[in-house]
Amino acid sequence: MDKYYYYIIGTLVAAAVTIIPKVLPLFFLRGKTFNKKLMTFFKIVPFTSMTVLILREVLVAESSAKLMYIITIAVASTVSYITRNMILTVFASILTTFIYMNVFI
């Protein structure tokens, strides 16, 4: 089977595993109100977690992969700033890395 098929299936499974724990609580918490500080905390946590994970990989990356990480971070930051949507930011990061790895490496 084509290797790209496995990449696509793997990406979709990883996306589902990532999205389900984040979306499922929304169904249970729909209609509830929370104070402003708690809502700000919930908005910041996903971006902070993603930043820590990415930064850790950049710091231990081989020199040949650093350019890929820098480009991916730039794309993720831009998409995140424009859309303020974590799902689109993650997909843009995955797509950027996938394109870079298949075109330049």
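A few remarks follow.
- About the centre of its Cα atoms, the chain shows a dipole size close to 660 debye [charges on the beta carbon of Lys, Arg (+1) and Asp, Glu (-1) only; nearest 20 debye].
- For the range 1-75, the set of trypsin sites (Lys or Arg not before Pro) satisfying both a DSSP loop assignment and a count of at most 11 other C-beta atoms within 10 Å is given as R30, K32.
- Across q = 0.18, 0.20, 0.35 Å⁻¹, the range 1-42 modelled as identical point scatterers on its alpha-carbon atoms has Debye log10 I(q)/I(0) values of -0.66, -0.72, -1.07, in the order of the q list.
- Scaling against 2.2 N^0.38 Å puts the C-alpha radius of gyration of the chain at 1.25.
- Contour minus Cα-Cα distance for T51 and A15 (0.36 nm per residue): 11.2 nm
- Panel note: the C-alpha atoms of the range 23-63, placed on their principal axes, show extents of 49, 22, 7 Å (largest first).
Bear in mind these aren't lab numbers, they're just calculated from the coordinates by the rules spelled out. This structure is a prediction, so every number in the text was calculated from the model and none was measured. Cβ sites come from the backbone with ideal geometry, for glycine too, and all protein chains shown count toward neighbours.
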